[in-house]
Amino acid sequence: MSWLNSVRNVLPFVAKRETPENLWHKCKGCGQMVFTKELEENLHVCPKCDHHDRIGPKIRFAQLFDEGSCSELPAPPVPEDPLKFRDQKRYTDRLKAARTDNSERDALVNARGAIDGHRVVVGVQDFGFMGGSMGLAVGEAFVRGVEAAIEDRVPYVIFTASGGARMQEGILSLMQMPRSTVAIQMLHDAGLPYIVVLTDPTSGGVMAAYAMLGDIQIAEPKATLAFTGRRVIESTIREKLPEDFQTSEYYLEHGMIDMVVHRKDLREQLGTVIGYLSAREAA
């Protein structure tokens, strides 16, 4: 018997430990590998390059609301696949896949709660749900969120993240643009603040509608904000655009938004803004 075989017979067998697949996260900003736990503790912001990762409603609510104050609003019922749309897959199959992956009914979720003691209704768009695209469900959820804010006499805060209109719903998707505009006017008529937080990316029909109609416009750092693509604009005007074009910082420099706020400061800043606007409304 060889020495190796004798050692194998003596030493106890130890099963190979499997490493969890989600132990590491590759940053989309700098390409570095970051411990998932470290990323979560840093509010899903890369500790190496400060890249703000995309997050969904549940994580966003947990970061924003005072502990124990969050209560999600039910998803409003809407007709599904009203146009019986089909491309490479049926629209209904795409919806099922998105709901399985995200555990949400659609791309916009509302919740009641408190931020730094101030009562508020918050809506969060999830880019992970079909690119945060705006269809009947998103439009209806936005209107219901505004109605809940009016009922509670509190501000409505929307976190936008979208690739634009949902093509599978055609004109019905585009109709959500004027619907959301009317809902915002209802909020103004009630004397209540409407606050927008632009996150990466916000574009298309959403950018042309409720994303740019806030009383206060806030953005996370280096978020891509655009109505149409950079290449389309360059080919149309036949000019080279600045490198920082269509970013939060560019919009701030040109007076299109009010502030760019780091995620670690966002809760405190929102509390300050809501407190100021609520005091003004009460006066």
| query | Assuming Val196 fulfils every condition listed in (1) open to solvent by less than 50 Å² (accessible area, probe 1.4 Å); (2) closer than 22 Å to Gly123 by Cα; (3) out of contact with any helix residue (DSSP H, G or I) (no Cβ under 9 Å at 6 or more places or on another chain); (4) without any contact (Cβ under 8 Å) to a residue 40 or more places away in the chain apart from one, which condition is it? | reply | (3)
| request: Could you pull out the residue among Val120, Val45 that is closer than 27 Å to Gly204 by Cβ, touching a residue at least 12 places away in the same chain (Cβ under 8 Å), of a type in the set (A, V, I, L, M) and in contact with a His (Cβ under 6 Å, 6 or more places away or on another chain)? | output: Val45
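Taking the options Val182, Val206, name whichever one is at pLDDT 95 or above and crowded, with 18+ Cβ neighbours inside 10 Å.
Step by step, each of Val182, Val206 is checked, and only Val206 is at pLDDT 95 or above and crowded, with 18+ Cβ neighbours inside 10 Å.
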| field | Residue within the range 82-99 that is free of Cβ contacts under 8 Å to residues at least 40 places away in the same chain, touching a helix residue (DSSP H, G or I) at 6+ places or on another chain (Cβ under 7 Å) and open to solvent by less than 60 Å² (accessible area, probe 1.4 Å) present | value | yes
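Yes/no matrix, rows are residues, columns are (1) polar (S, T, N, Q); (2) over 23 Å from Ala97 (Cα atoms); (3) in a helix (DSSP H, G or I):
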site: Ala114; (1), (2), (3): no, yes, no
site: Val120; (1), (2), (3): no, yes, no
site: Gly131; (1), (2), (3): no, no, yes
site: Glu147; (1), (2), (3): no, yes, yes
site: Ile150; (1), (2), (3): no, yes, yes
site: Val154; (1), (2), (3): no, yes, no
site: Gly170; (1), (2), (3): no, no, yes
site: Pro178; (1), (2), (3): no, yes, yes
| said: Please count how many residues of the range 142-175 are open to solvent by less than 10 Å² (accessible area, probe 1.4 Å), within 14 Å of Glu80 (Cα to Cα) and among the small types (Gly, Ala, Ser). | reply: 1
| remark: For the range 209-234 the number of residues that are at pLDDT below 95, open to solvent by 40 Å² or more (accessible area, probe 1.4 Å) and assigned to a loop (DSSP other than H, G, I, E, B) is 2
| query | Between a first residue in the range 169-192 that is farther than 15 Å from Tyr210 by Cβ and a second residue that is open to solvent by 80 Å² or more (accessible area, probe 1.4 Å) and of a type outside the set (D, E, K, R), which pairs have beta carbons less than 7 Å apart while being 6 or more apart in sequence or on different chains? | reply | Glu169/Leu83; Gly170/Leu83
| Elements of type helices (runs of 4 or more DSSP H) contained in the range 1-93, each with 3 or more residues being modelled with pLDDT under 95 and among the aliphatic types (A, V, I, L, M) | 3-10
| Residue list for the range 102-129, filter: within 15 Å of the chain's Cα centre (by Cα), surrounded by fewer than 24 Cβ atoms within 10 Å (Cβ to Cβ) and aliphatic (A, V, I, L, M) | Ala111
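Out of Phe65, Phe35, Phe61, which single residue is open to solvent by less than 30 Å² (accessible area, probe 1.4 Å), free of Cβ contacts under 8 Å to residues at least 60 places away in the same chain and not charged (D, E, K, R)?
That would be Phe65, the only listed residue that is open to solvent by less than 30 Å² (accessible area, probe 1.4 Å), free of Cβ contacts under 8 Å to residues at least 60 places away in the same chain and not charged (D, E, K, R).
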| request: Select from the range 235-272 the residues that are of a type in the set (A, V, I, L, M), open to solvent by 60 Å² or more (accessible area, probe 1.4 Å) and assigned to a helix (DSSP H, G or I) and write down the one among them that is modelled with the lowest pLDDT. | output: Ile237
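The values are calculated or read from the model by the stated rules, or taken from the named source; none is laboratory data. Since we're looking at a predicted model, the values are computed, not measured. All Cβ positions, glycine included, derive from the backbone under ideal geometry; neighbour counts span all protein chains shown. The area values use the complete protein model at the heavy-atom level, side chains included, leaving out ligands, DNA and RNA. Shrake-Rupley method; radii C 1.70, N 1.55, O 1.52, S 1.80 Å.
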